[in-house]
Amino acid sequence: MDWIKLADRLYPQVDGTPDDMERKYPPRNLPEGAKVTRFAPSPTGFIHMGALFPSFVCMRLARDSGGVFFLRIEDTDEKRAVEGAVAQIVEGLNDYGVRFDECAVNDGGYGPYSQRARVGIYHIYAKELVRRGLAYPCFCSEDALASMRAEQEAEKANFGYHGRWAKCRDLSLESIEERLQNGEMFVLRLRVPTSPAACGRHPLPDEGGRMVVLDDPAKGRIEMPPNEIDHVLLKSDGVPTYHFAHAVDDHLMRVTHVVRGDEWLATYPLHHMLFDLLGFPRPKYIHIAPLMKQDGGGKRKLSKRKDPECALSWYAEQGYPVDTVREYIMTLLNSNFEDWRRANPASDSNTFPFSPKKMNAAGALFDLQKLDDVSKNVISRMTAEEVYRQLTAWAERFDPGFHTLLSRDPAYTEALLSIGRGGAKPRKDIARWGEAKAYLSFFFDELFTPAAPPDPAFCKAYAGIYDPEAPQDEWFAAIKALGGQYGYCPDVKQYKADPSGWKGSVADASASLRLALTGRESSPDMFQVMQMLGQERAIKRLMM
RNA sequence: GGCCCGUUGGUCAAGCGGUUAAGACUCCGCCCUUUCACGGCGGCAACACGAGUUCGAGUCUCGUACGGGUCACCA
């Protein structure tokens, strides 16, 4: 068989060689140990949690080592492409602090950065493989492949194009020529080598031979049988499959660390083989487990279709600050992050010593309760100005009516937000901006919903003696004194020791006032609340 | 079905042959406090199962069960 003749027949337009490519994309000039990583999404435009995860890992790996982190668009599947998706991805990730050193609009010399623009490059390597007898055209139709699969299922054989099922593997040059003349479409398949010579350093996919070994910092050491399937390298439109593009691109773009979801684990033997056959040094791999979600009794992968919290936009709508999402991701990525945060409450999360080895091999359950807790901490650390800025920005987008109220008197709003803020033990009332409306409701007459206090008579009586000029200790002494007259024990401890003879304690008296004033059972410090409300409004609510 | 991965309290998780099996979230109790919170202290609650190796196993090996992934001209 004349492979060279076949190669020229199949890819006459190819003019470069692999050596040309090596010269055009030489090893990057980076310091020793610098890591080159990439985020490589399909251009669907939809950014989800599952994408934010690996992009964090990639960015940290590159940044921490003085390397390069770039964006490459995997647009080899035309059916999935969405208009304007690239900009959406860049902007969406940018909101979460993910920045690329190189991308389509910022060429670092290793582009193009989208795969459709790289088709010429793939064809150079495709031709080379054909010349070496390591790839061949396959004319099998979709139907033929489907019936092959059905037969394999019936026979309980291994699925896939291999062995006696690989009908096009040994087509003669004449037969190929004839089909090409007929205008038949073909895909280019890998011809899995059967002789040690052709296989090079790669294990031969025969019975029980050597295993393919993967050393993954997150997963540990994994052994798998070598690939034996003649996978498709180029689709019938000449565009590469993920596998082929992965090998060619990540080599030429000099990627050192491939971070991807662990759904790729199963195809690792193929990738291992491709790198070896093409003579490329293999990158390191880090496979991350998918995010899971509680579903009925068990757990399942977080789903784009079923779970709204999968989309990043959901967090924006709910009003989770960007920092909350970042912190939560870090806690899931490296469980010692929380300890680090406690020790370094004011540090930028980017300075956390991230380690891929500390990543969990199993998929973490996404826990909204935990997210809320993280968020309360994040928000409690913010200044009132920051809270005001983020809250109004959120309300402007998602609750215009609320936004109008908030910005009517910025000084007033900011004063409300500074209650219980700052100091060593800040309040933790809100986890997301969407909760702020309820939290602040009683400060705005438009939002205030009165609730009947358990002891309206006491409230009315208190309205008569309220002195807005009194300092806090006098203010409370007055409540205690009046409470005593109404059957509320002024001393909580005494009341607990012996409640007989009392209606309740001063805590119950306060609860009545709080309900009348705020319509809620919990609120910030009442003294400050009443000060903010002003005498007139406070008395009016107490008299209701 | 083949191959691969995983399984420590309700959840997230430390743990790397000898620990009273950390810590965080949730829930409960107590304390602090002039009220609501915050905070502090404490409590409930776990090594999927069965063999084996070992003086000794959550930790190593094998098997079972249960979850998950993958087996496309999708990534």
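The values are calculated or read from the model by the stated rules, or taken from the named source; none is laboratory data. Source: prediction; values computed, not measured. When we count neighbours, we look across all protein chains shown, and the Cβ atoms used for this are built from the backbone with ideal geometry, even at glycine.
Every residue, every condition in (1) outside the structural domain of A:Met21 (by TED's automatic domain parsing); (2) within 16 Å of A:Thr37 (Cβ to Cβ); (3) surrounded by fewer than 17 Cβ atoms within 10 Å (Cβ to Cβ), yes or no:
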residue: A:Asp64; (1), (2), (3): yes, yes, yes
residue: A:Gly67; (1), (2), (3): yes, yes, no
residue: A:Glu78; (1), (2), (3): yes, no, yes
residue: A:Glu91; (1), (2), (3): yes, no, yes
residue: A:Val130; (1), (2), (3): no, no, no
residue: A:Gly133; (1), (2), (3): no, no, yes
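Within region A:308-326, the presence of at least one residue that is farther than 21 Å from A:Val98 by Cα and either exposed (fewer than 15 other Cβ atoms within 10 Å of the Cβ) or of a type in the set (Gly, Ala, Ser) (or both) is confirmed. Among the residues of region A:487-532, the one identified as within 18 Å of A:Gln472 (Cβ to Cβ) and of a type in the set (Phe, Trp, Tyr) is A:Phe527.
For (1) without any contact (Cβ under 8 Å) to a residue 60 or more places away in the chain; (2) of a type in the set (Lys, Arg); (3) within 20 Å of A:Pro269 (Cβ to Cβ), each residue gets a yes or a no:
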{"site": "A:Ala146", "(1), (2), (3)": "yes, no, no"}
{"site": "A:Glu153", "(1), (2), (3)": "yes, no, no"}
{"site": "A:Phe159", "(1), (2), (3)": "yes, no, yes"}
{"site": "A:Asp170", "(1), (2), (3)": "yes, no, no"}
{"site": "A:Arg179", "(1), (2), (3)": "yes, yes, no"}
{"site": "A:Ser195", "(1), (2), (3)": "yes, no, yes"}
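Can you say whether A:Leu233 is touching a residue at least 40 places away in the same chain (Cβ under 8 Å), assigned to a helix (DSSP H, G or I), among the aliphatic types (A, V, I, L, M) and touching a His at 6+ places or on another chain (Cβ under 8 Å), as far as the supplied structure shows? For A:Leu233, the condition - touching a residue at least 40 places away in the same chain (Cβ under 8 Å), assigned to a helix (DSSP H, G or I), among the aliphatic types (A, V, I, L, M) and touching a His at 6+ places or on another chain (Cβ under 8 Å) - is not met. Taking the numbered list (1) more than 9 Å from RNA strand B (Cβ to nearest atom); (2) in a helix (DSSP H, G or I) in turn, A:Asp373 passes all entries but (1). When residues of region A:139-164 are filtered for being part of a loop (DSSP other than H, G, I, E, B), near RNA strand B (Cβ under 9 Å from one of its atoms) and closer than 26 Å to A:Glu178 by Cβ, how many remain? Adding up the residues that qualify gives 4. In summary, helices (runs of 4 or more DSSP H) completely within region A:4-113 and bearing 1 or more residues that are under 17 Å from the mean Cα position of the chain (by Cα) and free of Cβ contacts under 8 Å to residues at least 60 places away in the same chain occur at A:49-65, A:85-95. When A:His251, A:His243 are checked against the criterion of being within 13 Å of RNA strand B (Cβ to nearest atom) and assigned to a helix (DSSP H, G or I), a single residue qualifies: A:His243.
If we scan region A:425-447, do we find a residue that is of a type in the set (Asp, Glu), surrounded by 12 or more Cβ atoms within 10 Å (Cβ to Cβ) and within 14 Å of RNA strand B (Cβ to nearest atom)? Scanning region A:425-447, I find at least one residue that is of a type in the set (Asp, Glu), surrounded by 12 or more Cβ atoms within 10 Å (Cβ to Cβ) and within 14 Å of RNA strand B (Cβ to nearest atom), so the answer is yes. The test for being without any contact (Cβ under 8 Å) to a residue 40 or more places away in the chain and surrounded by 15 or more Cβ atoms within 10 Å (Cβ to Cβ) holds for A:Thr392. Restricting region A:464-497 to residues that are within 10 Å of RNA strand B (Cβ to nearest atom) and not in a helix (DSSP H, G or I), which is surrounded by the fewest Cβ atoms within 10 Å (Cβ to Cβ)? For region A:464-497, the residue satisfying everything is A:Pro471.
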